[in-house]
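This report concerns only the one structure given below.
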Amino acid sequence: MPVFIQVQTNYMHDHYSHEEHSNSSDVLRDIVIGMSDGLTVPFALAAGLSGAVDNTSLIVIAGLAEVAAGSIAMGLGGYLAGQTEVDHYNAELKREYDEVENLPEKEKEEVREFFEGLGLSKEVQEKAVQELTKDKDVWVEFMMKHELGLERPDEKRARKSAFNIALSYIVGGLVPLSPYFFTDNTLKGLKVSAIITLICLFIFGYYKSTMTGVAPIQGGLKVMFIGALAASAAFVIARLIEGH
């Protein structure tokens, strides 16, 4: 198989393999962002309110309002981040097309340097450069990946990210609030909420750590500790303000 065809085949295989892996990583990242805040923030809010009021209905209403507002805010943040990535890629793509059009020799030299870095002979380098630069679209995409280190983002990524983060936040936020639906005693609701939420935080932290290479038990305990610390601080501050 000619060297250039082999290089191009490897490039396309790596491109699609990376794309599939990237999509999975993006979804996982969205879930982690939404779920971590969804479990922690409403839990701290419910704990704080439990230390200040004796009305579970108020806690539920305030908690649901926070979950709604938080999911919208988090989803919007995810949308803006995804859209910024697309806008940045498109701006660099336009610039690269302009350079290929107006500075072709300079761009060819950069392609040649890439193949030289692979250890190819001068003759093979020249053939590879000539073959690659025949198709302007392939040429530009090659430069985007190997010169700038940019992969073509999913145009729908911003909407997907917003949905994934917002939904994860809602699911996470309903966990600490759910006990308050079934009791009129705020402290009893808080105790059950704390048990359920801390278990969920540990499980969440455990599985997140298995995917990121951190020791699972340590990761689970760390996430659980952060949630417990936030809720405890909110509860204590509320009690102090109320003068209890």
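Quick look at the numbers
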{"quantity": "Cα-centre dipole for the chain with unit charges at Cβ (Lys and Arg positive, Asp and Glu negative), debye to 20", "calculated": "1420"}
{"quantity": "Net charge of neighbours whose Cβ lies under 14 Å from the Cβ of residue 163, counting Lys and Arg as +1 and Asp and Glu as -1", "calculated": "+2"}
{"quantity": "Angle between the chain longest axis and helix 3-50 axis [Cα atoms, degrees, rounded to 10]", "calculated": "10"}
{"quantity": "Rounded to 10°, Cα long-axis angle of helix 157-177 versus longest principal axis of the chain", "calculated": "20"}
{"quantity": "Tensor-based shape of the range 140-216 (alpha-carbon gyration tensor, a/c under 1.5 rounded, otherwise prolate or oblate)", "calculated": "oblate"}
{"quantity": "Angle between the chain longest axis and helix 186-212 axis [Cα atoms, degrees, rounded to 10]", "calculated": "20"}
{"quantity": "Net charge, residue 86 excluded, C-beta distance under 10 Å - Lys, Arg +1, Asp, Glu -1", "calculated": "-1"}
{"quantity": "Dipole of the chain, positive direction: furthest Cα of 150, 215, 111, with charges on the beta-carbon", "calculated": "215"}
{"quantity": "Two-decimal log10 I(q)/I(0) for the chain, as the Debye equation yields it once each C-alpha is a single scatterer, q = 0.12 Å⁻¹", "calculated": "-0.77"}
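A short reminder: the numbers here are calculations on the coordinates, not readings from a lab. Please read all numbers here as calculations on a predicted model, not as lab measurements. No Cβ is skipped: glycine too gets one built from the backbone with ideal geometry, and neighbour counts run over all protein chains shown.
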